[in-house]
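Sharing a structure below in C-alpha cells format, with a few things to ask.
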Amino acid sequence: MSSPRDRDRDGFDDGAGGQWQEPAHLGGDTPGGGEPDPAAPRPDDERTGSQAWQPPGWDLPAVEPDRPATSPPPATSPPPSTPQASVPPATTRGEAGWQPPGADQQRSDAPPPEQTDRPRRGLGGLFGGGRSRSGDDAGAGYRDVQPDPAVAADPYGTELWAQQFGWVLSDGTAPEDEPLTALVRSAPVRPGKEDQASRVVRGRGNGLDLVAFDIVSPVGRGFVSTHAITAAPVLGSVPAFRLSPARMWRHGTGGMLQIPSPDPEFDRRWVLLAAEDGPQVRRIAEDPVVRQSLLGTDDGDEVWSAAGFVAAIRPDANRPQLIEHHARLLAAVVGALAAAA
C-alpha cells in the first residue's frame, strides 16, 4: 500500500537515496546538485560553443567597437607669459548653483551693451505687433532723412521745365497775376472761396502766349494743388462758352444753350454750351481740328472762356506733359474763334 509520503518521495526523488538534479538548460549538468566547478565551462559561456538553450537576443555583439587604438596627444602646457582663464567648476542639477541653459547672468568680463540716443523701434501696430528691422534696414529707419527743398517745391519738375524754355515763374501774388483770381472764380470745377492761383509759369507755346498755374486749397498750415489750369489771353470780345465731356456733371449752366455739331460722335462725347448762339460759337463745333483734338483725348478736360482768357482745366497739379496737352487744345479753339471773327 502507498501512502502520501510515498507519493512525495516519488515526486522528489527516486526513493532509492538518489539526489535531485536540475534540468540541463538551467545548469543541471552538475552532478550531485552541488556547487558548480568554477573552472568548468558554463552553458552561457561563448567560449564553450555549447548548444544549450538561450533566450532570444542573447547573442548580442560586443559592446566595444572595433577601433584602432590611438595614443593620446602629448600634453603641452601654455607658455608662462600666457594668462590662464579661470574656469568655474562644473555644477549639476543637485547643486544649489545650477541654472537652466541661457538663464545665467551677463558675464562680468563681457563688454557693456551699446548705448544709443535713437528711439526704440519695432513696436508698431495697435498692440506692438509691427515687423522688426535688422541690419542696415534698421539703421536706415532711424536716420532722419531730410527732403530736398527743390523737389518738395517742384514735385513734377514743372518749374524746371519752364525755366529750360525761358518761361517766367511766379507765386501768384505778382501784379500780373491779379486777373488769374477772376479766372479761378469762373472755373467750371466750382472752386472754394479760399482757393487761389499758385505756382504760376508764363511763356509762349504753339503760337500763343500761355500762363499755367495750379489752383491750391488751404489744408492745415499749407496748401494742396487740386486742379491745373492753362490759359491763353485773347484780344477782343469772346463769347462765354463751356466745352465739357458729356460724362461729367455740370453746374451753373442755367440759361446756357447747347450748340450742336455736324458730328454725332462728337455730340455723344462732348457738350458745347454758350450764353448765346453766334458764328464764333458755331465755328468751335464745326471746326474739324477742334473735334479731332477733343476726340483724341480721354475726355478728362474742360475748356471755357472768362475774364479775357480761353482756358483748359483738369484735376491734379500741373506738369510739363499736361501743359503741352492743354496748349494743343487751346491752339485749336483759339484758331477756330479767330477764323470766325
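Just name one of Phe213, Leu257, Ala285: the one whose Cα is farthest towards the positive end of the charge dipole of region 204-290 (beta-carbon charges, Lys/Arg +1, Asp/Glu -1).
The listed residue farthest towards the positive side: Phe213.
Now for a separate question. Taking a ≥ b ≥ c as the square roots of the Cα gyration tensor eigenvalues, with a/c under 1.5 meaning rounded and otherwise prolate when a/b beats b/c, else oblate, which class fits region 179-250?
Details: a/c = 1.94, a/b = 1.26, b/c = 1.55.
It comes out oblate by the Cα gyration axes.
I would also like to ask the following. Considering the convex hull of the alpha carbon atoms of region 186-341, report its projected area averaged over all viewing directions, in nm², one decimal. Before the final figure, lay out the partial values.
Numbers: hull surface 36.5 nm².
Averaged projected hull area, Cα only: 9.1 nm².
At what distance in nm do the modelled label points of Leu235 and Val189 sit from each other, each positioned 7 Å from its Cα along Cα→Cβ?
Going by the 7 Å Cα→Cβ label model, 3.1 nm.
Quick one: Karplus J couplings for region 301-316, per residue in order, coefficients 6.51, -1.76, 1.60, θ = phi - 60°, nearest Hz, x for Gly and Pro?
10, 10, 10, 8, 10, 5, 6, x, 10, 10, 10, 10, 9, 7, x, 5
In sequence order, what are the phi-derived ³J(HN,Hα) couplings for region 277-284 according to the Karplus relation 6.51 cos²θ - 1.76 cosθ + 1.60 with θ = phi - 60°, rounded to whole Hz, with x for glycine and proline?
After applying 6.51 cos²θ - 1.76 cosθ + 1.60, I find 7, x, x, 5, 5, 4, 5, 5 Hz.
Looking at the square roots a ≥ b ≥ c of the eigenvalues of the Cα gyration tensor of region 265-341, which shape do they give, rounded for a/c under 1.5, prolate if a/b is larger than b/c, or oblate? Mind showing how you got there, number by number?
On the way: a/c = 1.69, a/b = 1.39, b/c = 1.21.
Judged from the Cα gyration tensor, region 265-341 comes out prolate (a/c at least 1.5, a/b above b/c).
Let me ask something additional. For His227, what residues show an amide H to amide H distance below 5 Å, using hydrogens built from the backbone and excluding near sequence neighbours?
Long-range HN contacts for His227: Ile215, Asp316.
At R0 = 51 Å, how high is the FRET efficiency between Ala152 and Glu276 if r is their beta carbon distance? Nearest 0.05 is fine.
On the way: r = 46 Å, r/R0 = 0.91.
Computed FRET efficiency for Ala152 and Glu276 comes out at 0.65.
FYI, it's all coordinate maths here, none of it is from the lab. Just so it is clear, the model here is predicted, and its values are computed rather than measured. When we count neighbours, we look across all protein chains shown, and the Cβ atoms used for this are built from the backbone with ideal geometry, even at glycine.
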